[in-house]
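Trainee: Just passing along the structure, written as C-alpha cells.
Every number in this text was worked out from the coordinates using simple rules, so none of it is lab data. For clarity, every value in this text was computed on a predicted model and none was experimentally measured. Cβ: placed from backbone, ideal geometry, glycine included. Neighbour counts: every protein chain shown.
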Amino acid sequence: MSFCQAGEERFLRIILISKKPPVEKRRIKLSSCRDNIEMASPGIEWLPESSILRINWLQGPDTNGVSEERVLQIDDNGNVH
C-alpha cells in the first residue's frame, strides 16, 4: 500500500436481488491507488430506459494508465453483456 497509503479500493457490484439468496453477477474495480486505477467525472452513468451502465476511467483497469470506457448492457435476468 505504498502509493496512497490509504489502502482503499472501490468496487461496483451488480447483484440480482430477485433471486433468494441474491446473486452477485459482476464485480468491477472502480478505483485503486495500489493498481493505479482512477475514475473520471462522471465515472458511472446509469441509463434506465435502456438498462445500460457506462463506466469511465481516467486510468482504467485494463488499459495500463490510459483512459477507458465500458458500456454494459444488463438484461432482466441480471446478466451483463
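Trainee: Could you give log10 I(q)/I(0) at q = 0.13, 0.16, 0.19, 0.25 Å⁻¹ for the chain, computed by the Debye formula over C-alpha point scatterers of equal weight, without solvent?
Mentor: Debye intensities relative to I(0), on a log10 scale: -0.46, -0.67, -0.86, -1.17.
Trainee: Suppose every K and R has +1 on its Cβ and every D and E has -1 on its Cβ; what is the size of the dipole of the range 3-81 about the Cα centre, in Debye to the nearest 20?
Mentor: Rounded to the nearest 20 debye, it is 360 debye.
Trainee: Of the options Ile14, Ser50, Gly65, report the single residue whose Cα projects farthest towards the positive end of the charge dipole of the chain (beta-carbon charges: Lys, Arg +1; Asp, Glu -1).
Mentor: Highest projection toward the positive end goes to Ile14.
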